[in-house]
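Inspection log for the structure reproduced underneath, given as C-alpha cells.
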Number of protein chains: 4
Amino acid sequence: MPKYQSFESILDNQVMIPKKLLCDYIKLGLKETELMVLIQIHRFRTEGNLFPTPDDLADHLSISGQECSQVLRRLIQKQMLTIEQKHNEDQVLNECYSLEPLWEKLYTYTPVQKPKTQEFNE
Amino acid sequence: MPKYQSFESILDNQVMIPKKLLCDYIKLGLKETELMVLIQIHRFRTEGNLFPTPDDLADHLSISGQECSQVLRRLIQKQMLTIEQKHNEDQVLNECYSLEPLWEKLYTYTPVQKPKTQEFNE
Amino acid sequence: MPKYQSFESILDNQVMIPKKLLCDYIKLGLKETELMVLIQIHRFRTEGNLFPTPDDLADHLSISGQECSQVLRRLIQKQMLTIEQKHNEDQVLNECYSLEPLWEKLYTYTPVQKPKTQEFNE
Amino acid sequence: MPKYQSFESILDNQVMIPKKLLCDYIKLGLKETELMVLIQIHRFRTEGNLFPTPDDLADHLSISGQECSQVLRRLIQKQMLTIEQKHNEDQVLNECYSLEPLWEKLYTYTPVQKPKTQEFNE
C-alpha cells in the first residue's frame, strides 16, 4: 500500500450506502446515471451541502449540468426525491433535497420481477 | 417511517464506499455503468461472495450478463480490477476479484482536469 | 502509511455504529463495559455469528467470560438485548441475540438530563 | 419500528469503526473507557469538531471532565493520540487531535497473546 494517504483520511471519508439501494435500484425503475445522481446527493449531504446545484453534481458525473437538471426533474416526478424548504437559524428560508421518499420506497418495497432493460448501448 | 423494516436490518445492511470513488470515478475514466459493476463486486465481497458471475452482477444492473462480461474485461484492461487465485482451506484453487488496483489508483491519484464526456444520450 | 495492510482489507472491515448510540449510551444508563458488550455483539453479527458465547465476547473485552455472562444478564434485564429463537434452513432451532430493543430505545428516546455517574476509579 | 425517526436521519448518522479496533483494543493495552475516549474523538471528527474539550468528551462518557483529561494524557503517553497544530484558512494556528498513531499501531500490529486484565469490579 503506497504511502500517499493517511489511514485517518481513508477512515474519515467513507459514505454508507444501503445494500438494498444497490440491490434493488433496477426494480425501482432507476438506471445507473439516475442512481449516481441520488448517491451524489447523499454524499453531498454527508459533507453538509444539502442543496448542491446541477453543476455541482455534474462535476462528479459523466453528464452535463443541463442533463443533470433533467435527471433531477425526472427523479422528482418519479417521487424518489423531494425539495424541502427549511428556515435556518437566521430565519432565512433554505431549500434542500430530501431522499426520504427513496428510502421509504426502498425499505417498504415489495419486490417484483426484474424489468430487464435493453437500452444499454455503448 | 412505515413499520415494515427493523432498525436491525437497516443497520446490518449498509456498504461503505470511499468518497474519493464517488468524487473521482470520472477522472479515472469510468462511466456510471462501469462504476456500478465495481460497486456491485464490492457489495458481493461484503456478503462473502468473492467471485460473482457476470449474471449475478447483471441481476443488479441495467445491462445483460453478456454486456457485463464485456465491462468486466474492459475494467481488467483498464487495471481497475484483477482476478486472483487463492487456495481455500481444502486446498482447492479458487478465483476471486480484487479491487486493490482500483483503491491504489484512487488513493494515490494525482487529480487532473475532468475530461467531460459527451456520450450521455437518453 | 506503512505497507502492511491492503486498502481492500481496510475497506472490507469496518463496522457502522449509530452516532446516537455513542452520544446517548450514558443517558440510556449504560456504562462503557456494557456498551462494548453490545458493540461486540453487533460486530459479531456483521461477521455472521449471531450468538457469540460469553467467552467469545470476553476475548475482545477487559472482562472475563463469567463477568461477561453477568453483563449479558443485566443487559437483558434492562431490555437492551433479547435472545430470539429461529429455525434455520434445516429446521434446527437456533438462538440469536437481537439488538432491536436497543435500537428502538435509541431511536425513540426522549433525552433527559445526563445522570453523571461517580463510579470511575482506576 | 416506531415512527419517530426518519430513515434519512438514521442513514446520515452512522460512524464507521474499524473492526480491528473493536477486536484488538485489549491487545493494544486499552481499557473500555480509554477506547471510548478514542471513539468519541473519532465521532467528533466526523462532525467537524477536531479538538473537543475534555468536558465535551465527558458529556458522552461515564467519567468527569477531569478524569477525561487524565485519560487523554495517558493516551498521548501511550502514543495512541497526538495533538497537531494546523493553520486554518485565516492563518490562525489551531490544535486538533490526530488518531493516526492509533490507526498505524492497529494496522501494522503483530498480535500477541491477550493480557487478560483482572480490574473489572462492579
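The values are calculated or read from the model by the stated rules, or taken from the named source; none is laboratory data. Computed from a prediction, not measured in an experiment: that's the story for all the values here. We place every Cβ from the backbone using ideal geometry, glycine too, and count neighbours over all the protein chains shown.
Worth pointing out:
- Failed criterion for D:Gln85 (all others in (1) within 9 Å of another protein chain (Cβ to nearest Cβ); (2) touching a strand residue (DSSP E or B) at 6+ places or on another chain (Cβ under 7 Å) hold): (1)
- Matching residues in the stretch A:28-45 - criterion: being more than 20 Å from A:Gln70 (Cβ to Cβ) and modelled with pLDDT of 95 or more: A:Arg43
- Only residues that are more than 8 Å from the chain's Cα centre (by Cα) and either of a type in the set (Phe, Trp, Tyr) or farther than 17 Å from D:Ser9 by Cβ (or both) were counted in the stretch A:22-48, giving 13.
- Only one of the numbered conditions (1) away from chain A (no Cβ under 14 Å); (2) at pLDDT below 90; (3) touching an Asp or Glu at 6+ places or on another chain (Cβ under 7 Å) is not met by D:Tyr109, and that is (1).
- Each residue in the stretch D:31-47 was checked for being β-branched (Val, Ile, Thr) and facing another protein chain (nearest Cβ under 8 Å), and 3 pass.
- Among the residues making up the stretch A:1-38, a single one is more than 24 Å from D:Lys19 (Cβ to Cβ), free of Cβ contacts under 8 Å to residues at least 24 places away in the same chain and aliphatic (A, V, I, L, M): A:Leu35.
- Candidate set: the stretch D:46-67, residues that are at pLDDT 95 or above and part of a helix (DSSP H, G or I); chosen: the one surrounded by the most Cβ atoms within 10 Å (Cβ to Cβ): D:Ala58
- Within this structure, A:Glu95 passes the test of being among the charged types (D, E, K, R), touching a strand residue (DSSP E or B) at 6+ places or on another chain (Cβ under 8 Å) and either in contact (Cβ under 8 Å) with a residue 40 or more places away in the chain or surrounded by fewer than 12 Cβ atoms within 10 Å (Cβ to Cβ) (or both).
- With respect to the stated conditions, B:Gln5 is under 30 Å from C:Met80 (Cβ atoms) and among the polar types (S, T, N, Q).
- None of A:Gln79, A:Gln40 is touching a helix residue (DSSP H, G or I) at 6+ places or on another chain (Cβ under 6 Å), closer than 27 Å to A:Thr108 by Cα and not in a helix (DSSP H, G or I) except A:Gln79.
- Scanning the stretch A:84-91 turns up one or more residues that are part of a strand (DSSP E or B), within 26 Å of A:Met16 (Cβ to Cβ) and without any contact (Cβ under 8 Å) to a residue 40 or more places away in the chain.
- Where A:Phe51 falls short, out of the listed (1) closer than 24 Å to B:Glu104 by Cβ; (2) aromatic (Phe, Trp, Tyr); (3) in contact (Cβ under 8 Å) with a residue 40 or more places away in the chain: (1)
- Which listed residue, of B:Gln79, B:Gln40, B:Gln70, B:Gln66, is out of contact with any strand residue (DSSP E or B) (no Cβ under 7 Å at 6 or more places or on another chain) and on the phi > 0 side of the Ramachandran plot: B:Gln79
- When residues of the stretch B:6-30 are limited to those that are assigned to a loop (DSSP other than H, G, I, E, B) and hydroxyl-bearing (Ser, Thr, Tyr), the one nearest to the other protein chains (Cβ to nearest Cβ): B:Ser6
- Take the conditions (1) within 22 Å of C:Gly48 (Cβ to Cβ); (2) modelled with pLDDT of 95 or more; B:Pro18 misses just one of them, which is (1).
- The residues of the stretch B:39-62 that are under 23 Å from B:His87 (Cα atoms) and polar (S, T, N, Q), listed by number, are B:Thr46, B:Asn49, B:Thr53.
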